[in-house]
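This report refers to the structure that appears directly beneath it.
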Amino acid sequence: MLARKLSSVFALVMAIGALAGCENPSAAGEAIVIKIAHVSQQGVPVDRWARKFGETIAERSGGAIAVEVFPNSSLGGNRELLEQLQLGGLEAAISSVAFLGGFTNTTKLLDLPYLFKHNAGAEAVLDGEVGQAMFASLKESGFIGLAWLSTGWRHLTANKEIRSPDGMKGLKIRVMDNPLHIAHFNALGASAIPMAFSEVFTALQQGTIDCQENPYANIQGNRLNEVQKYIIKTGHIYDTSPLLYSQALWDNFSGDQQNLIVKAVADTLAWQRAISAEDELVVENAFKNNGKNVIVELTADERAEFRRIAQKVYDQFQDEIGPELIKKVDAIQAGL
C-alpha cells in the first residue's frame with residue numbers, strides 16, 4: 001500500500017523535523033498559516049467552506065492563525081496531496097475518500113455503491129462511531145481527520161440516455177483510482193479507466209473516454225456538462241470529502257489552538273452541508289433549463305436494476321470491509 005511505501009521517507013522527514021526543533025511560529029508573534037488544498041474548482045461548496053473556516057479561525061484566534069486555500073489541483077491531485085500531508089509539506093487537504101483505501105480498509109465502506117439512502121443517514125454514520133473509527137484508523141498513516149464534508153451525490157454523465165446497466169456496456173468511463181469504483185462500473189459492463197480529475201474535461205472532449213461520474217458541483221465546476229449532454233441521476237454514492245490535517249504538523253499547535261481549530265471546524269460543518277444540499281438543487285435546475293443538458297430521472301425499477309448489479313461489489317469486498325459494519329450502517333439508517 002502507498003502508506004507503507006512512504007513510511008521510510010515519512011520517518012526521515014519526521015527525524016529531520018525533530019532535529020530542527022520546529023517552534024510554534026505564533027510564539028514569535030507571527031501568524032501560523034494553514035494551507036488547505038483540494039482538487040475541485042474555486043466556488044464549489046468545499047472551497048467556500050475552506051474560506052469560511054479561514055475567516056472563522058482568523059477571527060477566533062485574533063489573527064494568530066491564518067488560512068490559504070489552494071483549489072483546482074493547484075498543489076497536485078488527491079494522491080499527491082495525501083503524500084504531502086504525510087511528509088509534512090502541506091498542512092491540510094480536502095481529499096476524495098476513494099483515495100484513502102490505500103491506507104486503511106475501513107474507509108472502503110464509503111465506496112460501496114448505494115450504501116446510503118439519504119443525507120441524514122450518511123451524516124449519522126459519518127458523525128458517529130463509524131466515522132470516528134475511520135479517522136482513528138488513519139492516524140497511524142500520518143493523518144488527523146477533522147470532518148466529513150459533503151460534496152453531494154455522485155451521478156453518471158454521458159452523451160446518450162442511459163436507463164439500465166445494459167446502456168453502460170462497452171463505454172469507457174473515467175473513475176477514480178479505487179478498486180471498488182473500478183469493480184462497480186466493470187460489473188455494469190463498462191470499461192473503467194482510472195484518471196486524474198484534472199484530465200477529465202480534455203479526455204471527454206477528445207473522446208478518450210465516453211462518460212464519467214461526479215457530484216453536480218464538480219460536473220458544473222469543471223464544465224463537464226459542456227462535453228456531456230445527459231446527466232443520469234444514479235446517486236450511486238454519497239460523496240463525502242474528509243478534511244485531513246498533517247499529523248507531522250499538528251503538534252506545531254498548542255493544545256488550546258488545536259481545540260480552537262476543532263471547534264471552528266465543527267461549528268461550520270452544518271453550514272457546509274447545507275450549502276452543498278442547496279447547491280445540488282440550484283445546479284440541477286440550471287442543467288434542466290440551459291437548453292443543452294438533459295437530466296435523466298430513473299424510475300424505481302430502473303434504479304433497482306442498477307442496485308442489483310452493484311451487489312456484485314458487496315459480494316467481492318464485504319469480507320475485506322466487514323459484513324457486520326455494513327449491517328451496522330443499515331441499522332443506523334433504519335433507525336432514523
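The values are calculated or read from the model by the stated rules, or taken from the named source; none is laboratory data. These figures come from a predicted structure and were not determined experimentally. Reconstructed Cβ throughout: ideal geometry from the backbone, glycine too, with neighbour counts over all protein chains shown.
Restricting region 193-207 to residues that are in a loop (DSSP other than H, G, I, E, B) and closer than 15 Å to SER73 by Cα, the residue that is nearest to the chain's Cα centre (by Cα) is ALA196. For region 25-34, check the following and say yes or no: at least one residue is assigned to a helix (DSSP H, G or I), at pLDDT below 95, among the hydrophobic types (A, V, I, L, M, F, W, C) and in contact with a helix residue (DSSP H, G or I) (Cβ under 6 Å, 6 or more places away or on another chain). The answer is no, given that none of the residues of region 25-34 is assigned to a helix (DSSP H, G or I), at pLDDT below 95, among the hydrophobic types (A, V, I, L, M, F, W, C) and in contact with a helix residue (DSSP H, G or I) (Cβ under 6 Å, 6 or more places away or on another chain).
Taking region 224-324 as the region of interest, the helices (runs of 4 or more DSSP H) fully inside it that hold 1 or more residues being at pLDDT 95 or above, of a type in the set (Lys, Arg) and more than 30 Å from GLY88 (Cα to Cα) are 255-289, 300-321. With the requirement that a residue be within 16 Å of LEU115 (Cβ to Cβ) and assigned to a loop (DSSP other than H, G, I, E, B), what does region 177-192 give you? ASN178, the sole residue that qualifies.
Within region 60-116, being more than 23 Å from GLN257 (Cα to Cα) and of a type in the set (Lys, Arg) holds for ARG79, LYS108. THR104: assigned to a helix (DSSP H, G or I), among the hydroxyl-bearing types (Ser, Thr, Tyr) and over 20 Å from ALA310 (Cβ atoms), yes or no? Against the criterion (assigned to a helix (DSSP H, G or I), among the hydroxyl-bearing types (Ser, Thr, Tyr) and over 20 Å from ALA310 (Cβ atoms)), THR104 does not qualify. For the residues ASP267, ASP239, ASP279, ASP301, the requirement of being closer than 30 Å to ILE219 by Cα and without any contact (Cβ under 8 Å) to a residue 60 or more places away in the chain singles out ASP301. Scanning region 58-97 for residues that are in a helix (DSSP H, G or I) and crowded, with 23+ Cβ neighbours inside 10 Å turns up ASN78, LEU81, LEU82, LEU85, GLN86, VAL97. Summed over region 198-227, the residues that are surrounded by 21 or more Cβ atoms within 10 Å (Cβ to Cβ) and hydroxyl-bearing (Ser, Thr, Tyr) give a count of 1.
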